[in-house]
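Beneath this line is the structure, given in structure tokens, with notes to follow.
The values are calculated or read from the model by the stated rules, or taken from the named source; none is laboratory data. All values reported here derive from a predicted model rather than from experimental measurement. Virtual Cβ from ideal backbone geometry, glycine too; neighbours counted across all protein chains shown. We work out accessible area using only protein heavy atoms, side chains counted, and drop any ligands, DNA or RNA first. Shrake-Rupley method; radii C 1.70, N 1.55, O 1.52, S 1.80 Å.
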Amino acid sequence: MPLIYQLGECLNELEDAQIWLAHKTPTVFITNSAEAREVLDLAGIVYDGEIQLEKVGFCKMETQQECMAGTLYIPKLSDVLGERYQVMFFVNRYNIVIVDDGNFSRRLVKRIKRKRTNQGETKERFIYNFIAEFMSRDLELLAQYEKKLLRMEDEVMHGDIEDFQSELMPMRRKLLILRGYYDEIMDACKELEDNENNFFAKKQLKYFGTLSDRADRLMGRTIHLLDYAQQVKDAYQAQIDAKQNSNMQFLTVISTIFFPLTLITGWYGMNFQNMPELANGYPGVIILSLIVVGICIFIFKKKDIF
């Protein structure tokens, strides 16, 4: 059975649809996809499309002749990369129908009843409360991402780059998902604000503008974090490049030292018959090699390479 709430100063839950039918006050229905058509008929909402929650893949609003229909594809803040909440909702001049096969919408309404003084005296106020409630913790989530990026930047500056990629890459993916999600929410709220069917009172449209502005700010904060994540990644890459350059410099020094030694040993290893050092040249070769090594080290020290 659907949950039925009468709009007023408080959301009053009705146990029987006959009470709503008798009073005909603006009402919110929360149902599942199996009973959605029956509830839409009860609420007097005519919708021409399909009701398939499993196909919901983004947030949008659609204006039809007899109603406004929307879909919500909301990331779970505890697992942004995982499955999302899939919700459909319908609005006409008098009623709102929310289709949700889980408990997400019911939990939101309970939170609205528990937390908000103005729970939804009008359709516009209820939609505002509903959308604002599932966006209420997003700023806190973005603040957590910012603190994590600050910590990662500090670790990179101190040369602690272990597991850096495994931390940064999932965060960038989450931020990209959230950026697209906020963009969709902003467009959906603007569609509500346009009020093409005149289902909403003009003086109440400010609520949708507020939601659109909030989504815009969240998207701007997300874009800022994506830029910051790129800066942290660049700092990490600079550390990697510096470490590789240091390794290459060390190998170059070693190669430079051993190249003349290789030449000397190759020369005296040929054992020509008339070579003057053939009989007693071993100590001389050792001394010559040490002199070459000493000269190389002196040159490297002077040039601050070694």
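Here are some residues: Asn103, Asn12. Which one is over 30 Å from the mean Cα position of the chain (by Cα) and free of Cβ contacts under 8 Å to residues at least 12 places away in the same chain?
Checking each option against the conditions leaves just Asn12.
In region 125-163, what residues are in contact (Cβ under 8 Å) with a residue 60 or more places away in the chain, over 17 Å from Tyr182 (Cα atoms) and not hydrophobic (A, V, I, L, M, F, W, C)?
Residues satisfying the conditions are Arg125, Glu146, Glu153, Gly159.
Among (1) over 24 Å from the mean Cα position of the chain (by Cα); (2) among the β-branched types (Val, Ile, Thr); (3) closer than 19 Å to Leu175 by Cα, there is one condition Ile240 misses while meeting the rest; what is its number?
Condition (3) is where Ile240 drops out.
Residues Val87, Val91, Val97, Val80: which one is farther than 26 Å from Arg37 by Cα and open to solvent by less than 60 Å² (accessible area, probe 1.4 Å)?
Numbers: Val87 fails: farther than 26 Å from Arg37 by Cα; Val91 fails: farther than 26 Å from Arg37 by Cα; Val97 fails: farther than 26 Å from Arg37 by Cα.
Going through Val87, Val91, Val97, Val80 in turn, just one is farther than 26 Å from Arg37 by Cα and open to solvent by less than 60 Å² (accessible area, probe 1.4 Å): Val80.
Could we say that Leu175 is in contact (Cβ under 8 Å) with a residue 40 or more places away in the chain and out of contact with any Ser or Thr (no Cβ under 6 Å at 6 or more places or on another chain) here?
So Leu175 fails the test.
Taking region 133-158, which residues are touching a Lys or Arg at 6+ places or on another chain (Cβ under 7 Å) and either in a helix (DSSP H, G or I) or more than 24 Å from Ser212 (Cα to Cα) (or both)?
Of everything in region 133-158, those that are touching a Lys or Arg at 6+ places or on another chain (Cβ under 7 Å) and either in a helix (DSSP H, G or I) or more than 24 Å from Ser212 (Cα to Cα) (or both) turn out to be Glu133, Leu142.
Being part of a helix (DSSP H, G or I) and closer than 24 Å to Ser166 by Cα narrows it down to one of Ala188, Ala229, so name that one. It would help to see each step written out before you state the result.
Numbers: Ala188 fails: closer than 24 Å to Ser166 by Cα.
Unique residue meeting the criteria: Ala229.
Somewhere in region 61-71, is a residue hydroxyl-bearing (Ser, Thr, Tyr), closer than 17 Å to Met135 by Cα, within 24 Å of the chain's Cα centre (by Cα) and open to solvent by less than 60 Å² (accessible area, probe 1.4 Å)? Full working, then the answer.
As a first pass, look at region 61-71 and keep what is hydroxyl-bearing (Ser, Thr, Tyr): 63, 71.
If we keep only those that are closer than 17 Å to Met135 by Cα too, we end up with 71.
From what's left, within 24 Å of the chain's Cα centre (by Cα): 71.
If we keep only those that are open to solvent by less than 60 Å² (accessible area, probe 1.4 Å) as well, we get 71.
Yes, region 61-71 contains at least one residue that is hydroxyl-bearing (Ser, Thr, Tyr), closer than 17 Å to Met135 by Cα, within 24 Å of the chain's Cα centre (by Cα) and open to solvent by less than 60 Å² (accessible area, probe 1.4 Å).
Does region 224-231 contain any residue that is modelled with pLDDT of 85 or more, among the acidic types (Asp, Glu) and within 52 Å of the chain's Cα centre (by Cα)?
Here is the first cut: in region 224-231, the ones modelled with pLDDT of 85 or more are 224-231.
Still in the running and among the acidic types (Asp, Glu): 227.
Then drop every residue that is not within 52 Å of the chain's Cα centre (by Cα), which leaves 227.
Within region 224-231, one or more residues are modelled with pLDDT of 85 or more, among the acidic types (Asp, Glu) and within 52 Å of the chain's Cα centre (by Cα).
With the structure loaded, tell me whether Ile74 is in contact (Cβ under 8 Å) with a residue 24 or more places away in the chain, within 26 Å of Asp183 (Cβ to Cβ) and not in a strand (DSSP E or B) or whether it fails that test.
So Ile74 does not fit the description; no.
Any idea which of Phe58, Phe104 is in contact with a strand residue (DSSP E or B) (Cβ under 7 Å, 6 or more places away or on another chain), buried (at least 16 other Cβ atoms within 10 Å of the Cβ) and of a type in the set (Phe, Trp, Tyr)?
On the way: Phe58 fails: buried (at least 16 other Cβ atoms within 10 Å of the Cβ).
Checking each option against the conditions leaves just Phe104.
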